[in-house]
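The values are calculated or read from the model by the stated rules, or taken from the named source; none is laboratory data. A quick note: this is a predicted structure, and the numbers were derived from the prediction, not measured. Cβ placement follows ideal geometry from the backbone for every residue including glycine, while neighbour counts extend to all protein chains displayed.
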Amino acid sequence: MIADDFQNAFKHCDVIAGPVAPTVAWKLGDKSEDPVAAYLADIYTLPGSLAGLPGMSLPVGFGEGHMPVGLQLIGNHLQEGRLLNLAHRYQQATDFHLRTPEGY
């Protein structure tokens, strides 16, 4: 059913974009002992993986506490080149990939 939902979406678009996680990145070592938090941090990336689709994430800015925020791109089967092209164009238009969180 998940794969079918994605295929229906790809009838209307080339790439699906969304957040990588429901929160900004954690500081190193935070929540390492909390398996529920770790599972929930991955919740947005699971559907694409379950459907066997290519996906990637890229840095797109900073949020709360000046911690990184990621954008997830999901493409249809055999469309890895489209994802790489889109990510490359985004990287050329921004400088988020060059920045680091404060204190690192």
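From the list 46, 98, exactly one residue is under 22 Å from residue 4 (Cβ atoms) and without any contact (Cβ under 8 Å) to a residue 12 or more places away in the chain. Which is it?
The conditions single out 46.
May I ask you to list the residues in the range 52-68 that are under 11 Å from residue 97 (Cα atoms) and touching a residue at least 40 places away in the same chain (Cβ under 8 Å)?
59, 68 - these are the residues of the range 52-68 that are under 11 Å from residue 97 (Cα atoms) and touching a residue at least 40 places away in the same chain (Cβ under 8 Å).
Residues in the range 72-104 that are acidic (Asp, Glu), closer than 14 Å to residue 25 by Cβ and under 15 Å from the mean Cα position of the chain (by Cα): how many?
The total comes to 0.
Taking the residues in the range 28-51 that are in contact with a helix residue (DSSP H, G or I) (Cβ under 7 Å, 6 or more places away or on another chain) and part of a helix (DSSP H, G or I) as candidates, determine which candidate is surrounded by the fewest Cβ atoms within 10 Å (Cβ to Cβ).
Filtering the range 28-51 for residues that are in contact with a helix residue (DSSP H, G or I) (Cβ under 7 Å, 6 or more places away or on another chain) and part of a helix (DSSP H, G or I), the one surrounded by the fewest Cβ atoms within 10 Å (Cβ to Cβ) comes out as 50.
Out of all the residues in the range 48-71, which are closer than 14 Å to residue 14 by Cα and under 8 Å from the mean Cα position of the chain (by Cα)?
Scanning the range 48-71 gives a single hit, 55.
Given the criteria out of contact with any helix residue (DSSP H, G or I) (no Cβ under 9 Å at 6 or more places or on another chain), crowded, with 16+ Cβ neighbours inside 10 Å and under 21 Å from residue 91 (Cβ atoms), does residue 70 qualify?
Judged against the criteria, residue 70 is a match.
Quick one: in the range 72-104, which of the residues that are more than 25 Å from residue 10 (Cβ to Cβ) and touching a His at 6+ places or on another chain (Cβ under 8 Å) is modelled with the lowest pLDDT?
That would be 102.
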